[in-house]
Amino acid sequence: MTHIHAETVEEVKEEASARMEKSVQDLSRAMASIRTGRASIALLDSIRADYYGTPTPVSQMATLATPTPTTITIQPWDASQIAAIERAIRISDLGINPANDGKLIRLVIPPLTQQRRKKLVRSLHSVVEQHRVAVRNIRREANLAVRQLEKAKEISKDDSKRGLAAIQKITDSFIKRLNVAGQAKEREILEIR
């Protein structure tokens with residue numbers, strides 16, 4: 001666990017805010033890999049294929065494209081790696097069966113069943129909650145840093161109270177951003193095309 005080291009309340013707020021922003025960005029990346037029934041290259045971000053003994057992201061082994069709203073194509077730069085990429089996709093938790101024509105792998109994104117949508121929404125809620133917890137942990141560390149400044153007599157009790165209130169306000173705004181992003185993704189998952 002990293003602690004916030006700062007000499008003023010303003011520095012504590014800036015560092016906490018920067019770390020909370022990273023949490024929001026991380027949530028965006030995590031949500032990009034959650035299927036919505038629409039083809040997205042981001043679905044392949046977490047998939048790594050064995051490239052001569054090294055697990056390598058598929059995006060670093062092939063050209064990825066979405067020629068239609070429900071299809072992703074993967075064209076390996078090294079044709080001998082097509083089987084490794086196909087195997088990595090099959091064993092992933094994507095639930096998509098790759099079609100290989102020897103030069104190109106096609107992933108047809110099937111429409112989501114209602115049961116699968118509900119499962120994805122539960123998974124999304126879990127991911128959003130993990131990020132809310134991360135933001136609250138950053139708040140706790142920032143509060144601790146402010147209290148340490150007060151204890152070291154570097155700031156007054158009033159400055160400490162104002163700092164804690166400001167940190168809470170920052171935390172609330174980031175929690176709201178996480179919630180809004182999660183709700184938008186949930187609507188996208190539940191939308192039936």
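FYI, it's all coordinate maths here, none of it is from the lab. What you see is a predicted model, and the numbers here were worked out from it, not measured in a lab. Every residue, glycine among them, receives a Cβ derived from its backbone with ideal geometry; neighbour counts consider all protein chains shown.
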* **Debye, to nearest 20: dipole size of the stretch 41-108, +1 on Lys, Arg Cβ, -1 on Asp, Glu Cβ** => 80
* To do: Taking the Cα centre of the chain as origin, work out the dipole magnitude from +1 charges on Lys and Arg Cβ and -1 charges on Asp and Glu Cβ, in debye rounded to 20.
  => 840
* **Stokes-Einstein D (µm²/s) once Rh is taken as the Kirkwood radius of the stretch 41-108 over alpha-carbon pairs, at 25 °C in 0.890 mPa s** => 210
* To do: Pairs of Cα atoms under 8 Å, at least six residues apart: use those to get the relative contact order of the stretch 41-108, whole percent.
  => 29
* Structure fact -> CD proxy, 222 nm, the chain: helix-only mean residue ellipticity via -39,500 (n - 2.57) per DSSP H run with n ≥ 4, per residue, nearest 500, stands at -19500 deg cm²/dmol
* **Stretchable slack from residue 99 to residue 59, in nm (0.36 nm times residue separation minus alpha-carbon distance)** => 12.6 nm
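Tell me, in nm to one decimal, what length is gained between residue 119 and residue 184 on full extension, where the rule is 0.36 nm per residue of separation less the Cα-Cα distance?
Roughly 21.8 nm would be gained on extension.
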* **Surrounding net charge for residue 57, when Lys and Arg each add one and Asp and Glu each subtract one, Cβ distance under 10 Å** => 0
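Any idea what diffusion coefficient the stretch 86-142 gets from Stokes-Einstein, in µm²/s, Kirkwood Rh on alpha carbon pairs, 10 °C, 1.306 mPa s?
Values: Rh = 14.4 Å.
For these conditions, the coefficient is 110 µm²/s.
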* To do: Could you tell me which of the pairs 118/161; 118/176; 22/118; 161/185; 119/176; 153/176 are separated by over 32 angstrom between their Cα atoms in the structure shown?
  => 118/161; 161/185; 153/176
* Asked: Which whole-number percent of Cα pairs in the stretch 105-191 have a distance greater than 17 Å?
  -> 61
* So how far apart, in nm, are the two label points at residue 68 and residue 140 if each is 7 Å from Cα heading toward Cβ? -> 5.0
* Would you look at the GNM of the chain, springs on alpha carbons closer than 10 Å, and say which of 163, 102, 182 moves the most? => 102
* **Loop-resident sites, the stretch 45-99, for chymotrypsin sites (Phe, Trp or Tyr not before Pro), counting at most 13 other Cβ within 10 Å (DSSP)** => 52, 77
* Ratio of the Cα radius of gyration of the stretch 1-157 to 2.2 N^0.38 Å, where N counts its residues -> 1.46
* To do: Can you find, among 63, 171, 125, the residue farthest towards the positive end of the dipole of the chain? Put +1 on the C-beta of Lys and Arg, -1 on that of Asp and Glu.
  => 125
* Normalised by the residues of the chain, what does the relative contact order come to in percent, with Cα pairs under 8 Å and at least six apart? -> 27
